[in-house]
Amino acid sequence: MLLLAVAVILPTVCLLWFMTQAVKNERLAVKEKLGAVYENQLSKAIEENLSEDRLSLNLSIVAADGVVVYDANGNVTFPVIDVEESEPNSELFKETFKLEFIEQKLDEAIVEYQRIRKVADDENSRFAAEIAEARCLDKLGKNEEAIEKIRQTMSKYGDGDISLRSQKCRGKMLLLDMIFKSEKKGVEKEVNDLFEYSMRGMLADEDFSFLGRKPQADRYIPSSLQVFALEKFLEHVNKLPSDQELNKRIKRAERQISLVETSIEFAEIYQRSTFVKNNNILNSKLFSLDGKRKFYGQYSKNSSYTRLHINEWETVEQWFEGFIGEIKQLSSDFAIYDDGGRLVAGKNSKEKPFISMELGGYLSEWRAELYLDDLAFDNAASKQSTIYIWTGVLVVVLIITSGAVATQAIGRQIKLNRMKNDFIATVTHELKTPLSSMRVLTDTLLEGNLKEEGQRDEYLELISKENERLSRLIDNFLTFSRMERNKQAFVMKSTDVREVVDESVCSIQTKLNKENCDFNVNVCEDLPSILIDKDAIVTVLVNLLDNACKYSNGDKEISLNVYKAGDSICFAVQDNGIGMSGRQVKKIFDRFYQADSSLSRKAEGAGLGLSIVKFIVDAHKGSIEVNSKQGYGSEFIVKLPR
Ligand code: ADP
């Protein structure tokens, strides 16, 4: 039994363990499977939206928000910052400026400026003096004369150095102001002239289209002045009737202003090019730049120049639009980090990401992360897990049921074995008694020394009785054995009840007709004949009468009443014997059951009689009723249907 318990418990525990492992593994497998799918989709989204091919146009100068160009020595060439517009010789102009601006003696100032022009030995001072003269003329109301003067001066001087170029630019602005004050003749020409002069040699988009092109540094004006001049251009251009060509210029001027302003901001931070050591980098990756806002840089380099493109995050974000749209479809919980680890889209999550992928290409070191909560995996794994759990439950139930069935079968086998052992012991015991008493009697008879004549008959009668008992015993054993093997065949015949009763009584008569036994048989008149196996029913009655005799002591009162009740014929055997308890009554029909099973008991028998009785009665579709009280007697009523 212990073994059986182990055989059931061990596989059950193992199965439960396997099951939990399987469910756990299923979750892992689902996670892995989902991981592969998501990874695939993510890399596809990256490939479709952020591949080098897709980004190369965006990363070109056309989309740059700012540009810084370094020369081969790593110094900034564009934007032009930190250029001191060398003032015209201040000593020379000091007194004259006083006359013009403080004392407002303009005529005297004009004479002085003309003198300076003659004595000055540098071009810048001469140019400054001429422009100052025109300014004074303008202040004196000689507007046209002033305009003419500036125009003449402009055409007289070449490009010169950056300082002169700056003065020329300022001169052009002054000229424009003057013209707008007057009759405005030739305004358009002057407005366009200012635009062209400010943009000259400067970073218009096309100047940066090819890395190999040399910036025309010898034609630059300082970048802050360029912004100023372009703003002046915009101020005046708005006063002119709109025209397609002008509109284009307005757009270019606006873009240039913003480009230059951003460029100046970064040229001040990144004053030296330390971006790369090796040459001939066409396009580097996009990296985060220092600064207050989120700016990104990318550089290209050849042997002469390094060009740094600057993009605000707002610009870069537009390139990400398609990608962000696709990533959102994969999971609403995502994050995109730039190369500096700053979050640029999605939300910051402290959890471990389900998938983290580098964007690669121009965006190397940029990362996209996807988060999925455990619930998603549980849901995906639940179907398979349910199958596992149910299979497990089914197998556990099966193991337990088969264990229970096996326990029962083994129990039955054990009981049967014990019964068989008991049976053999009982049979031997029961056979031994009549045999040994018969042997003693026959030995005595054979010796022939009998004292009285009547003794021989008495001995013979005793032998016959023992014989009868032996036959009954063996009859019972045989019936039982046949019954056990299901070989007992009943031959049903219409039989007179009286005949059955007589035969039964006859076969047990010697036992019942004793002095201390009062035996009565009452058979009702007019009983119909019944369909029975006569021999079998005789066995029933003989067994019952035999028991009545066996289990009664002292003065025995035994009766057999046969009567009709409803559709049945009843055979009631009554005694005044030892009776039985209710518990015993429940078991008496079991095979080998004996209320007193000790071998030392007085009554003979093997505990088979009543089980045979029950078997026969059942085969006749009858029933058997027992009324008994311990110490008072018992009544067995066999009811057989007609
Ligand atoms: P046995 O061979 O022991 O008589 P039975 O099957 O005929 O076997 O009876 C089973 C048991 O029922 C008996 O051992 C006895 O204890 C009890 N029993 C049967 N008939 C009677 C009776 N008339 N009075 C008291 N006990 C009885």
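The values are calculated or read from the model by the stated rules, or taken from the named source; none is laboratory data. Computed from a prediction, not measured in an experiment: that's the story for all the values here. As a convention, Cβ positions derive from the backbone with ideal geometry for all residues, glycine included, and neighbour counts pool all protein chains shown. Heads up: the accessible areas ignore ligands, DNA and RNA and are worked out on the full protein's heavy atoms, side chains in. Shrake-Rupley method; radii C 1.70, N 1.55, O 1.52, S 1.80 Å.
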Have a look at 98, 118 and point out the one that is open to solvent by 40 Å² or more (accessible area, probe 1.4 Å), farther than 19 Å from residue 164 by Cβ and modelled with pLDDT of 85 or more.
98
For the stretch 617-642, how many residues meet the condition of being open to solvent by less than 10 Å² (accessible area, probe 1.4 Å), farther than 20 Å from residue 551 by Cβ and either out of contact with any strand residue (DSSP E or B) (no Cβ under 9 Å at 6 or more places or on another chain) or within 16 Å of the ligand (Cβ to nearest atom) (or both)?
0
Do we have any residue at all in the stretch 515-533 that's open to solvent by 70 Å² or more (accessible area, probe 1.4 Å), within 26 Å of residue 433 (Cα to Cα) and at pLDDT below 85?
yes
Checking residue 79 against (1) open to solvent by less than 70 Å² (accessible area, probe 1.4 Å); (2) farther than 25 Å from residue 190 by Cβ; (3) more than 60 Å from the chain's Cα centre (by Cα): exactly one of these is not met. Which one?
(3)
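Any chance you could count how many residues in the stretch 567-582 are open to solvent by 50 Å² or more (accessible area, probe 1.4 Å) and away from the ligand (no atom under 12 Å from the Cβ)?
Just the residues of the stretch 567-582 that are open to solvent by 50 Å² or more (accessible area, probe 1.4 Å), to begin with: 567, 574, 576, 578, 582.
If we keep only those that are away from the ligand (no atom under 12 Å from the Cβ) as well, we get 567, 582.
Here the count works out to 2.
Condition first: assigned to a strand (DSSP E or B) and modelled with pLDDT of 85 or more. Can you find one or more residues in the stretch 370-385 that meet it? Quick ask: steps written out before the conclusion?
Taking the stretch 370-385 first, the residues assigned to a strand (DSSP E or B) are 370.
Going one step further and asking which of them are modelled with pLDDT of 85 or more, we end up with 370.
Yes, the conditions are met somewhere in the stretch 370-385.
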Residues being in a loop (DSSP other than H, G, I, E, B) and surrounded by 15 or more Cβ atoms within 10 Å (Cβ to Cβ): count how many of those fall in the stretch 123-141.
0
Within the stretch 50-76, residues being open to solvent by less than 30 Å² (accessible area, probe 1.4 Å), modelled with pLDDT of 80 or more and in a helix (DSSP H, G or I) number 2
Would you tally the residues in the stretch 217-246 being assigned to a helix (DSSP H, G or I) and open to solvent by less than 10 Å² (accessible area, probe 1.4 Å)?
8
Candidate set: the stretch 546-566, residues that are open to solvent by less than 20 Å² (accessible area, probe 1.4 Å) and touching a helix residue (DSSP H, G or I) at 6+ places or on another chain (Cβ under 7 Å); chosen: the one farthest from the ligand (Cβ to nearest atom):
562
With the requirement that a residue be modelled with pLDDT of 85 or more and open to solvent by 100 Å² or more (accessible area, probe 1.4 Å), what does the stretch 25-46 give you?
32, 33, 44
Selection status of residue 610, open to solvent by less than 10 Å² (accessible area, probe 1.4 Å) and within 13 Å of the ligand (Cβ to nearest atom)
no
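Go through the stretch 519-565 and report how many residues are among the hydrophobic types (A, V, I, L, M, F, W, C) and either in a loop (DSSP other than H, G, I, E, B) or over 16 Å from residue 617 (Cα atoms) (or both).
Filtering the stretch 519-565 for residues among the hydrophobic types (A, V, I, L, M, F, W, C) gives 519, 521, 523-524, 527, 530-532, 536-538, 540-542, 544-545, 548-549, 558, 560, 562, 565.
With either in a loop (DSSP other than H, G, I, E, B) or over 16 Å from residue 617 (Cα atoms) (or both) added as a condition, the list becomes 519, 521, 523-524, 527, 548-549, 558, 560, 565.
The number of residues fulfilling the criteria is 10.
Residue under question is residue 16, and the condition is that it be open to solvent by 40 Å² or more (accessible area, probe 1.4 Å), hydrophobic (A, V, I, L, M, F, W, C) and either at pLDDT below 85 or over 30 Å from residue 380 (Cα atoms) (or both); does it hold?
no
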Tell me, which residue of the stretch 374-390 that is without any contact (Cβ under 8 Å) to a residue 12 or more places away in the chain and β-branched (Val, Ile, Thr) is least open to solvent (accessible area, probe 1.4 Å)?
386
